[in-house]
Amino acid sequence: MKPEQFLFGCAYYDEYMPVSRIDTDFKMICDAGMNVIRIGESTWSTWEPREGEFDFTSLIRMLEGARKHGLQVIIGTPTYAVPSWLTDIDPDVLTTTASGRALYGHRQLTDITNPTYLKYAERVIRKMLDVTRSYNDVIIGYQLDNETRSAGAAATRVQKEFAQQMKEKFDGDLHAFNLEFGMDYWSNKIPSWDAFPDVRGTINGSLDAEYRAFLRDVVTGFFKWLKEIVDEYRTPSQFITHNFDYSWVGYSFGMQPEVNQKDSASVMDIAGVDIYHPSQEDLTGCEITMGGAVGRSLKKDNYLVLETQAQGRPSWTPFPGQLTLQALSHLSSGAGSVMYWHWHSIHNSYESYWKGILSHNLKPNAPYLELSSFGKLMSSLKDRITYLKKTNNVAIMLDNRSLTGIDEFPLNGEEAFKGNSKEDYNHMMRRWFDACYRMNIETDFVYPDDDLSSYKLLIIPALYSASEETIGRIREYVMNGGHLIITPRCFMSNEHLKIYHDDQPHNMTDLTGATYDEFTVPSSVGFKGTLPLKGSASGIMEFYTPIQGSKAQILSYYDHPYWNRYAAVLRCGGVTTVGTILTPEDTSEVLKDCLLHADIDIPERSFPVIIKRGTNRMGEHILFVFNYSMDPTVYTIPSACTDLVSGTEYSAGDDIEISAWGYLILNEGSDE
């Protein structure tokens, strides 16, 4: 079961309120055109204040209020923040990492494999599901946990499970394991499966990365366990989802390193995402679009925005019009919902100044009034612009193992930085995604095992870990006419981060027409060649040299007294190879050249005018034009269409002014 109606709403916590005011709040929520609330995901200590003593008063109160006011409800399992009494029963409920056992207080510091945790979590979930059976008329779905991760679990019991998994993976052949992971180095060779050392002290990047992959599988297994419980209680009309999040640099930025989200999403009926982003002058819409592309990628389908900001950080208080622009940006990416964290600003504890829709006085304010206007807008548009299907010519490949590989082996060759560098995997990925976004090239995300055949251009950022099977599928894509962009550090190692010992890039030199065996960290190195690159190389310089007899064409050399014979950018057939990290402007130059080579049209308009398209359930082609700017702009209508908001009919060539932070929603008709 997947939801089909547009879901517009917020998270609501009666227990956080200074006074209970459900009737007042739910009436305000409905008056704003909202139709759904999310509840319950961090309320374990409210529902079970002492071990075995259950009190679902606040839950029933919210469900009764939802029924009275005609609101739908998504209930989260209350499992990502544990009550203190549980850690008194078993301190090992709190995760043990390289820093020791976590201290109680924060969320998501639970060892989700701990038997005590699982025992009591199952009990409270079942109690919750049992007492809510009579409210299935308002409960439309369940959210499994919240932004789940393994919290770096490394207790002895967990590590034994990992060792057993390695034993099974290598069919008990310890010699093969030691050889594959290079365990001879610094005498790290493992003498027996029973003597598997503590991974927290390992200096072996391959082994550490494998343990991190194991922990990602732990998260997927946890979701399966939760789903099996909920499945016993839910009706066929109730869906299961989860709010997947992203890497974080103060806002949602890139691929989440701690969860294999595609595998985990297989457990869900529909994927959900939590997207947060800068606002005010820094609002670009790029994080919204990137997050939406991840959401679509997980099940190759539409997704739900389960959390986004109304106000959020004090520096994000939105300008007038930005909340509407942001909400429409989510929908134009294929979302079926826009839901806010959360309804009200809370009055104490950690997120006191992570502002909700309402401020601390709990009165109608500017965000509430703008969202009310958006709710009225959606009353007539909800069936026309939600759950849109996207058809894109360009894709970027994502890979968790490569993200981990770049963490373990940074570009500069220094110690592992675990995602804290401007030159990590996500920053390299975002360099190319952002270039596509700003040029209005709508882009999908794909994974190594996805079907690539529908795309004209595939961009592969830093595919450091590439199995022979993955390389074979990429080769097939190119040999069938696909165009490819390879960035630094592609095809260096296998799935266990064992570096290939032939010419780089491994098993691709016939397609790249070039190879390298040296690289360095650049300092003030520019470019020369046919491509007008004006910036400097950064992060790494791979010294590419064309293979004798190949058809490789060098588009740009390094401008350096000693390294000027090496290629920075070159092309051989449909494969363009980039040997360094380029500036955003130079990335756009290379991208533009590759798009032309792949016969992909490049729109005339670029950021801050953002153009997005989708096809609705009626087969209508919907065109969104967004102005991410403080200044009005004029947009020229490309073909005859109808404005879905005003009903105005436009002809090709008509000029329309779009206000600051404004938008157009146009119906370009259907194929029939």
Approximate spin-label separation residue 597-residue 21, in nm, with each point projected 7 Å along Cα-to-Cβ: 6.1
Calculated FRET value between residue 90 and residue 564, using beta carbons and R₀ = 60 Å, to 0.05: 0.40
Gain in span if fully extended, residue 648 to residue 502, counting 0.36 nm per residue against the direct Cα distance: 46.3 nm
Placed amide H near residue 639: partners under 5 Å, 5+ positions off or other chain: 653
Per-residue HN-Hα couplings for the range 96-102 [Karplus 6.51, -1.76, 1.60; θ = phi - 60°; Hz; x = Gly/Pro]: 10, 10, 4, 8, x, 6, 5
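Quick one: which of 574-581, 281-288 comes out on top by average Cβ neighbours within 10 Å, and what's the full order, highest first? Write out the running numbers ahead of the final one.
Numbers: 574-581: 25.0, 281-288: 19.4.
Ranking, from highest mean packing down: 574-581, 281-288.
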Paramagnetic reach from residue 630 in the range 303-336 [backbone N under 17 Å; point 7 Å along Cα→Cβ]: 315-322
Beta bridges per DSSP with both ends in the chain, % antiparallel, nearest 5: 50
FRET efficiency, residue 361 to residue 106 (Cβ-Cβ, R0 22 Å, nearest 0.05): 0.15
Cα pair distances in the range 609-670, grouped into 10 Å bins until the bin that holds the longest one, percent each: 24, 56, 19, 1
Point-to-point label distance, residue 1-residue 379, nm (Cα→Cβ direction, 7 Å offset): 2.8
Other-chain or far-sequence residues with amide H under 5 Å of residue 504's (modelled H): 516
Largest-first principal axis extents of the Cα set of the range 394-597 (Å): 43, 39, 37
Residue 640 paired with residue 131, simple spin-label distance in nm, labels 7 Å along Cα-to-beta-carbon: 6.2
Order of 103, 666 under a 10 Å beta carbon neighbour criterion, fewest first: 103, 666
Residue 72 long-range amide H proximity, modeled H, under 5 Å: 36, 37
Net +/- balance of residues flanking residue 177 in space, Cβ distance below 13 Å, scoring K and R +1, D and E -1: -2
Cβ-based exposure ranking for 38, 384, 123, in which fewest neighbours within 10 Å come first: 123, 384, 38
(1) 39; (2) 35; (3) 44, with the label sought being that of the calculated percent of Cα pairs over 38 Å apart: (1)
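What ranking of 30, 10 emerges when the number of other C-beta atoms within 10 Å of each C-beta is taken as an exposure proxy, fewest first?
On the way: 30 15, 10 25.
Fewest-to-most ranking of 30, 10: 30, 10.
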Karplus-derived 3J(HN,Hα), 6.51/-1.76/1.60, for each residue of the range 48-56, Hz, glycine and proline x: 9, x, 9, 3, x, 10, 9, 9, 9
Karplus-derived 3J(HN,Hα), 6.51/-1.76/1.60, for each residue of the range 314-327, Hz, glycine and proline x: x, 6, 9, 3, x, 5, x, x, 6, 4, 5, 4, 5, 4
Sites residue 656 and residue 615 - FRET efficiency at Förster radius 30 Å, r taken between beta-carbons, to 0.05: 0.85
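Since every read-out is calculated from the coordinates, none of them should be taken as a lab result. Values in this document were obtained by computation on a predicted structure and should not be read as measured data. Don't worry about glycine lacking a Cβ; one is built from the backbone with ideal geometry, like all the others, and counts go over all protein chains shown.
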